[in-house]
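The values are calculated or read from the model by the stated rules, or taken from the named source; none is laboratory data. Treat the numbers as computed from the prediction; the structure is a model and nothing was measured. Here the Cβ positions follow ideal geometry from the backbone for every residue, glycine too, while neighbour counts run over all protein chains shown.
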Amino acid sequence: MSAGALARDRAATSGGHVAILHGNRTRAVALGHMLKAAGHTITIVDDASRALPQLREADPDLILGASSFGMEGPEPVVRDLRQALGREVMLLLVLGREDGAPPPEVDDVIREPVDPRELNLRVRLAVRTQAERRLRNARNEELASWSQSSWTPSLAGGADALFGQITRHAANMLRAEKSVVLLYDPDRREMVGQGPGVGLDRTLLAKVRYPVPGEASERWNFRLNGPLLTNDAASDPRLLPGLVSGIGLRSLLIAPILAGPQIIGLLAVADRLDSQPFRDDDLGQLQIVAAQAAVAVDNHRLHEQLKSANLRLQEFDRLKSEFVAMVAHDFRSPLMAIRGFAEMVLEDSDLGADNRKQFVQTIINETDDLARLATDTFLITQMETGHFTYMWSEIDLGPFILDAIARGRADHPVGLDVPPGLPRVTADPERLRQLLTNLVSNAVKYSPGGDSVLVRARQPAGGHVQIDVVDHGLGVPSDQMGRLFQKFERVRTEQHSRIAGTGLGLYICRLIVEGHGGRIWAESEPGLGSTFSVLLPLAPRVKRAAAS
């Protein structure tokens, strides 16, 4: 008789086979009489030296052991029994009132003096649980053996071939009209339907969504609750409506796809071809398919992550090369200027006082630019690694802006629109001054026609202040707006390329604003100028994560 048939035969009977391990044969016989009266078959083992051979021959559903048989501790009998008979055999331990705690291997405990009704209730429940467990395991083993020999998912054909193979196999096994794989999208924080599916075109697949975090507690949580079976999907309160709306599902089975303890996706089948409801056996079969597909799905996920990481590394390598070239240029240009003017001051004895003063001032300015570039690079490293400490203090924002912004520039006038009565803010004064200086310098640099720059401040609702820097310069193409605040990124047009820069200024502005818990953005139109806006909270909500 096969394991499955034996399990079904035992499940059909009301009694089970109980092995009693007891050092006192008289007491063992008394316990046996209690159980025989309830229809159980009894095997008594009172000799520890012959216990394992007798138990192998008897193959009981349940072992009723006593502390007098040496079973009050995990060594050595409990361990030997588990090794000889496996975890499938349940162990009910009889302990005296004065005995200590049972070992963790024990499934249940009953204390002396044993009440016959309590004993029969415990044994009946244990035997029923054991029979159901054997039946389930036998069925799963048979299904797994058949499935593994007939189907193996593969990555060879790419994502479409993989998901098509999984969904077709699941639909065929469950005789279902529809089947789909959902994968977890960490950016959207939801399970997203993957194509191709069975019985679902691309339009319907786009509707297959299941948010993972934050769902209401009464909704089904696959991490906590495991697989799901419903034969009334449209009105089942456990499901989020978005999972079935617009698809017209009637009955539904969903099994998690696991990579270790992590749920990386879901495998779902819906609507039986014969219009019959799904059963627990069907859910067990779907779990087997999901388990078989898990390795291939996880490999696909890791493969996609690796491809994405390689693309990012290639982009970082490109940016690094451009940055090195830009920094080398930005260092070389002022160094050459410093050297040239220094040589003129040194070698030209007839150089007038005014020229000498102008040349020395140029050397000082170029040196300051070099120091600023070195300082910016070091500051970024500190902020990105979380080693930078902000020095918070309360600032009267109106006077601070007036003091921080240079009013007079011969070729680029800077206007101020700072109303009185702006609130006081808590900020790092040095970093806030650097933020304003960077934004104004950036606006001036990209306004080569000499157009004016405006700095304005206002207080919108919600406990924030907003500072805008408005220019009428080159502007930014719409397709490059998303790159403005990234490290090493510069606007790539012929006009912008004529203006020197490292692509660090706006990135530093972003780090400073995020360090204050605020937000920075830009609005621009090519040829008409740009507006860079900063929204700062009155009290900083410090961003703890390192910038990327």
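Quick notes on this structure:
- Checklist (1) at pLDDT 85 or above; (2) not in a loop (DSSP other than H, G, I, E, B) applied to residue 75, failing item: (1)
- Subset of the range 420-453 [surrounded by fewer than 17 Cβ atoms within 10 Å (Cβ to Cβ) and under 17 Å from residue 398 (Cα atoms)]: 420, 421, 423, 424, 426, 429, 430, 437
- Breaking point among (1) in a strand (DSSP E or B); (2) surrounded by fewer than 21 Cβ atoms within 10 Å (Cβ to Cβ), for residue 532: (2)
- Filter result for the condition that a residue is surrounded by fewer than 16 Cβ atoms within 10 Å (Cβ to Cβ), under 42 Å from the mean Cα position of the chain (by Cα), at pLDDT 85 or above and not aromatic (Phe, Trp, Tyr), over 375, 389, 385, 381: 389
- For the range 439-461, the tally of residues that are free of Cβ contacts under 8 Å to residues at least 60 places away in the same chain and in contact with a strand residue (DSSP E or B) (Cβ under 9 Å, 6 or more places away or on another chain) stands at 9.
- The range 1-64 holds helices (runs of 4 or more DSSP H) entirely within its bounds, and those carrying 2 or more residues that are modelled with pLDDT under 85 map to 3-12, 51-58.
- Some residue of the range 502-510 being surrounded by 16 or more Cβ atoms within 10 Å (Cβ to Cβ), out of contact with any helix residue (DSSP H, G or I) (no Cβ under 9 Å at 6 or more places or on another chain) and modelled with pLDDT of 85 or more: yes
- Tally, over the range 356-409, of residues that are closer than 15 Å to residue 435 by Cα, among the aromatic types (Phe, Trp, Tyr) and in a helix (DSSP H, G or I): 1
- For the range 463-503, residues that are closer than 17 Å to residue 397 by Cα and not β-branched (Val, Ile, Thr) total 4.
- Entirely in the range 178-239, the strands (runs of 3 or more DSSP E) that have 1 or more residues that are at pLDDT 85 or above and crowded, with 19+ Cβ neighbours inside 10 Å: 190-198, 228-230
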